[in-house]
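A.B. asks: Below you'll find the structure I mean.
Bear in mind these aren't lab numbers, they're just calculated from the coordinates by the rules spelled out. Everything quoted here is computed from the prediction, not taken from an experiment. Counting neighbours? That spans all protein chains shown, and the Cβs are built from the backbone with ideal geometry, glycine included.
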Amino acid sequence: MKYASKIALLISLVFGNLAGFSVRAFAQEIPGDYQELLKSLDRKGDFKTGVLKVNIPRNDLKMTIQGFSTPTPFGFGGWIALTKAADGSDVMMGDLVLLQEEVNPVLSALLDNGIDVTALHNHFFWDDPHVYYMHVHGMGKAADLARRVKPGLDLIGHVKPEAAAPASTGGTPLDAAKLAKIAGHEGEQTGAVYKITVGRDDLGMKEHGAVINARMGLNTWAAFVGTQEDAAIAGDVAMLENEVTPVLKALRKNGLDVVAIHHHMTGDRPMVIFLHYWGRGTAEKLAVGFKAALDELGKTTGESSHSTGR
């Protein structure tokens, strides 16, 4: 064999081995417990850099934004991911792409099975159909997390929208005094709307020495409109991090829909998360749901509240 040919063969062997090493380095074998999780969820996934990524794409949706066709990889591929904690258990995080009629059934299924929901918001304007993004979190063994998250995942693509009931044309005017008694707080009447606002003064929040109070937006509120027999409620709940899941459970238990979970401020200490909700029913039932959420607030603020130094 000529000298040049030997050199070419040597180079080929070296780079071939490096290429093989590269493929092996990035295409890691999926651990056994994660393989079982994929089977349990009946989903596909891959394992890289110690993370199992489980794909939950919305291939069933034909998405457009301002009439422009946007395929699933453009931003409609939901997922959950797992990685090992120091004690050998698993940390799970995820981002689910949901139609609006899927949001609260999936939310309830996750909460009922011990999975936390940490954010709910939109990623696009002018998307058709309109979709929401639900961020989830859980900890435990892979098999247990699969069992707990599966009921929520199984609802995706299988929830039928409920027909909206027509607005009633008559009934008893809202009884503001009764609503205030149920909620435990007085409200204000502005035209047809009765609104109850409850501040979070228990947090003792300050910024640059200024007290951040209810008038500055640190509050929980409920607005009622309609009649005693057929009313609507909308509102916002200001929560500490450890209050989010209890409040979500209280609202869902009382038939109120959650429409957003996010923050309104940055750099706030303690961190405050805000939740927006909506519901329809008898005014008394809606007020009971609002009170159930209020009752989950302020249980531990004595230990966790402090002011910002800004």
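A.B. asks: Where does the chain land at 222 nm, in deg cm²/dmol rounded to the nearest 500, when only DSSP H runs of n ≥ 4 count, each adding -39500 (n - 2.57), divided by all residues?
C.D. replies: -9500 deg cm²/dmol
A.B. asks: Let me ask another. Could you give me D for segment 93-134, from Stokes-Einstein at 10 °C and 1.306 mPa s, where the hydrodynamic radius is the Kirkwood radius over C-alpha pairs? Units µm² s⁻¹, please.
C.D. replies: Value of D from the Cα-based Kirkwood radius: 147 µm²/s.
A.B. asks: Report the Rg/Rh value for segment 205-310, based on alpha-carbon coordinates and the Kirkwood definition of Rh.
C.D. replies: 1.02
A.B. asks: Here's something else I'd like to know. When you take every Cα atom in the chain, what is the radius of gyration, and what is Dmax, the widest Cα pair distance, in Å?
C.D. replies: When restricted to Cα atoms, the chain yields Rg and Dmax of 25.4, 101 Å.
A.B. asks: About the Cα centre of the chain, how large is the charge dipole given +1 on each Lys and Arg Cβ and -1 on each Asp and Glu Cβ? Please answer in debye to the nearest 20.
C.D. replies: Taking the Cα centre of the chain as origin, the dipole is about 1080 debye.
A.B. asks: Springs between alpha-carbon atoms under 10 Å, Gaussian network over the chain: tell me which of Thr190, Thr70, Thr83 tops the mean-square fluctuations.
C.D. replies: Thr190
A.B. asks: Listed highest first by mean packing, meaning other Cβ atoms within 10 Å per residue, what order do 220-226, 114-120 come in?
C.D. replies: Ranked by mean Cβ neighbours within 10 Å, highest first: 220-226, 114-120.
A.B. asks: Please give every one of the aspartates and glutamates within straight-line cross-link reach of Lys39, meaning a C-alpha to C-alpha distance under 15 Å, and leave out same-chain neighbours fewer than 8 residues apart.
C.D. replies: Asp144, Asp154
A.B. asks: Ok, one more. Per residue Cα convex hull volume for segment 32-155, in cubic angstrom?
C.D. replies: Taking the convex hull of the Cα positions in segment 32-155, it is 100 Å³ per residue.
A.B. asks: Okay, next question. Hey, can you list the DSSP H helices of the chain whose Cα span along the axis is 30 Å or longer and whose average Kyte-Doolittle score is at least -0.5? Don't skip to the end; give the middle numbers.
C.D. replies: Working: long enough: 3-26 (35 Å, 1.32).
Those that pass (Cα extent of 30 Å or more, hydropathy at least -0.5) are 3-26.
A.B. asks: Out of Leu179, His264, Phe124, whose Cα points farthest toward the positive end of the dipole of the chain (charges: +1 Lys, Arg; -1 Asp, Glu; placed on Cβ)?
C.D. replies: The Cα lying farthest towards the positive end belongs to Phe124.
A.B. asks: How would Met134, Met63, Met216 line up from fewest to most surrounding beta-carbon atoms within 10 angstrom?
C.D. replies: Met216, Met63, Met134
A.B. asks: So for Met205, Met139, fewest C-beta neighbours within 10 Å to most, what's the order?
C.D. replies: By the 10 Å Cβ count, ascending, the order reads Met139, Met205.
A.B. asks: Using a Gaussian network model on the chain with a 10 Å cutoff between Cα atoms, which of Leu37, Leu203, Leu61 fluctuates the most?
C.D. replies: So, out of Leu37, Leu203, Leu61, the one fluctuating most is Leu61.
A.B. asks: Here is a further query. Just tell me which lysines come within less than 29 Å, Cα to Cα, of Lys299; anything on the same chain fewer than 8 places away is out.
C.D. replies: Correct list for Lys299: Lys178, Lys181, Lys195, Lys206, Lys249, Lys253, Lys285, Lys291.
A.B. asks: Between Thr118 and Lys84, how many nm apart are label points set 7 Å from Cα along the C-beta direction?
C.D. replies: About 2.1 nm separates the two model spin labels.
A.B. asks: What percent of all Cα-Cα pairs in segment 157-234 falls into each 10 Å bin, going from 0 up to the bin containing the maximum distance?
C.D. replies: Once binned at 10 Å, the Cα pair distances of segment 157-234 give 16, 35, 24, 18, 7, 0.
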